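Working notes for the structure below.
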Amino acid sequence: MTMKIEVSLTPALYPFRTITSHHATVAIDLLRATTAVCAAFQAGCDAIVPLDTLDGIERYRRSGYAIAAERGGSKVGNAEYGNSPTEYLRHDLHGVRLAYSTTNGTVSILRSADAGLSLVGSFANLTALTERLRREAVDTVLLCSGWKNDFCLEDTLVAGAIIERLADVAEPHGDAARMAVALWQVAKEDPYAYCQTASHVHRLERLGAADDIRFAFRRDTCPVVPTLKDGLLTL
């Protein structure tokens, strides 16, 4: 049976997806949360609790978690870590558990929790992720985080790349999925260059995150597949 892959272009559209029976959902926030989550696990992190607000985050600190928090692209003042994948890869995170809250990405990760299988995706884990989806062989929704419920070009390119990788076993379901594939066909030779005019790229460049942007567009740098279960991301 051919898998169906649907794309939700923003979290606001996710409740209106047409794939609602048993399925996988992949949360995508290329710049930067899902790339950073993959990087943290690549650096040895034990587990991550995604949080959609900062309310109550300090109680996790009291329980032994390190705090990772970002708003508007900048690290929250009292957090040990922000939302930078290159920062995580500079640390040895073995034995570390993170309480993690970001502007967009953790909202999407938590939104995906009602799926039978909830995964985290980016270019950093593209091959590992698509191999996992191939093994699972279930209909899939690719949930693009965007920016404050607005469309982001770079997340849609990741969705298009995932669909292309699975083209022999899956078909795009709906116009958003077909659009994602069409954009990826145009951009795939150099997606970093294609996104130079993207609004979120400009936003992060102004904040001095050029290294993170370049890293996020590299493929298969962190071959892990973080999975959400019972409110906890693990491998």
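The values are calculated or read from the model by the stated rules, or taken from the named source; none is laboratory data. Fair warning: this is a prediction, and the values are worked out from it, not measured in the lab. Please note: Cβ atoms are built from the backbone with ideal geometry, for glycine as well, and neighbour counts cover all protein chains shown.
Look at V181 and say whether it is of a type in the set (V, I, T), within 17 Å of T20 (Cα to Cα), in contact with an Asp or Glu (Cβ under 7 Å, 6 or more places away or on another chain) and surrounded by 16 or more Cβ atoms within 10 Å (Cβ to Cβ). Outline the logic, then answer.
On the way: of a type in the set (V, I, T): yes; within 17 Å of T20 (Cα to Cα): no; in contact with an Asp or Glu (Cβ under 7 Å, 6 or more places away or on another chain): yes; surrounded by 16 or more Cβ atoms within 10 Å (Cβ to Cβ): yes.
So V181 fails the test.
If you scan segment 116-144, which residues turn out to be of a type outside the set (S, T, N, Q), modelled with pLDDT of 95 or more and over 14 Å from the mean Cα position of the chain (by Cα)? Write out each step before concluding.
Taking segment 116-144 as the starting set, the residues that turn out to be of a type outside the set (S, T, N, Q) are 116-117, 119-121, 123-124, 126, 128-129, 131-139, 141-144.
Retained after the next criterion (residues that are modelled with pLDDT of 95 or more): 117, 119-121, 123-124, 126, 128-129, 131-139, 141-144.
Hits for segment 116-144 are L117, E131, R132, L133, R134, R135, E136, A137, V138, D139.
In segment 83-136, which residue that is of a type in the set (S, T, N, Q) and in a strand (DSSP E or B) is surrounded by the most Cβ atoms within 10 Å (Cβ to Cβ)?
To start, the set of residues in segment 83-136 that are of a type in the set (S, T, N, Q) comprises 83-84, 86, 101-104, 106, 108, 112, 118, 122, 125, 127, 130.
Then drop every residue that is not in a strand (DSSP E or B), which leaves 101, 118.
Values: S101: 27, S118: 21.
Of everything passing the filter in segment 83-136, S101 is surrounded by the most Cβ atoms within 10 Å (Cβ to Cβ).
Which one of these does S74 not meet: (1) in contact with a strand residue (DSSP E or B) (Cβ under 8 Å, 6 or more places away or on another chain); (2) at pLDDT below 95; (3) within 22 Å of V201 (Cβ to Cβ)?
(1)
Is there a residue in segment 13-20 that is modelled with pLDDT of 95 or more, surrounded by 17 or more Cβ atoms within 10 Å (Cβ to Cβ), assigned to a helix (DSSP H, G or I) and within 19 Å of the chain's Cα centre (by Cα)?
Applying the first criterion (modelled with pLDDT of 95 or more) to segment 13-20 yields 13-19.
Next cut, surrounded by 17 or more Cβ atoms within 10 Å (Cβ to Cβ) only: 14, 17, 19.
Then drop every residue that is not assigned to a helix (DSSP H, G or I), which leaves 14.
If we keep only those that are within 19 Å of the chain's Cα centre (by Cα) as well, we get 14.
Yes: segment 13-20 contains one or more residues that are modelled with pLDDT of 95 or more, surrounded by 17 or more Cβ atoms within 10 Å (Cβ to Cβ), assigned to a helix (DSSP H, G or I) and within 19 Å of the chain's Cα centre (by Cα).
Scan segment 137-155 residue by residue and report those that are in contact with a Gly (Cβ under 9 Å, 6 or more places away or on another chain) and in a helix (DSSP H, G or I).
D155
Looking at C38, C45, which is the one that is within 16 Å of the chain's Cα centre (by Cα) and surrounded by 23 or more Cβ atoms within 10 Å (Cβ to Cβ)? Before the answer, list the steps.
Values: C45 fails: within 16 Å of the chain's Cα centre (by Cα).
Of C38, C45, the one residue that is within 16 Å of the chain's Cα centre (by Cα) and surrounded by 23 or more Cβ atoms within 10 Å (Cβ to Cβ) is C38.
If you go through segment 204-221, how many residues are in a loop (DSSP other than H, G, I, E, B) and not aromatic (F, W, Y)? Reasoning before the result, please.
Going residue by residue through segment 204-221, those that are in a loop (DSSP other than H, G, I, E, B) are 207-209, 217-221.
If we keep only those that are not aromatic (F, W, Y) too, we end up with 207-209, 218-221.
Qualifying residue count, segment 204-221: 7.
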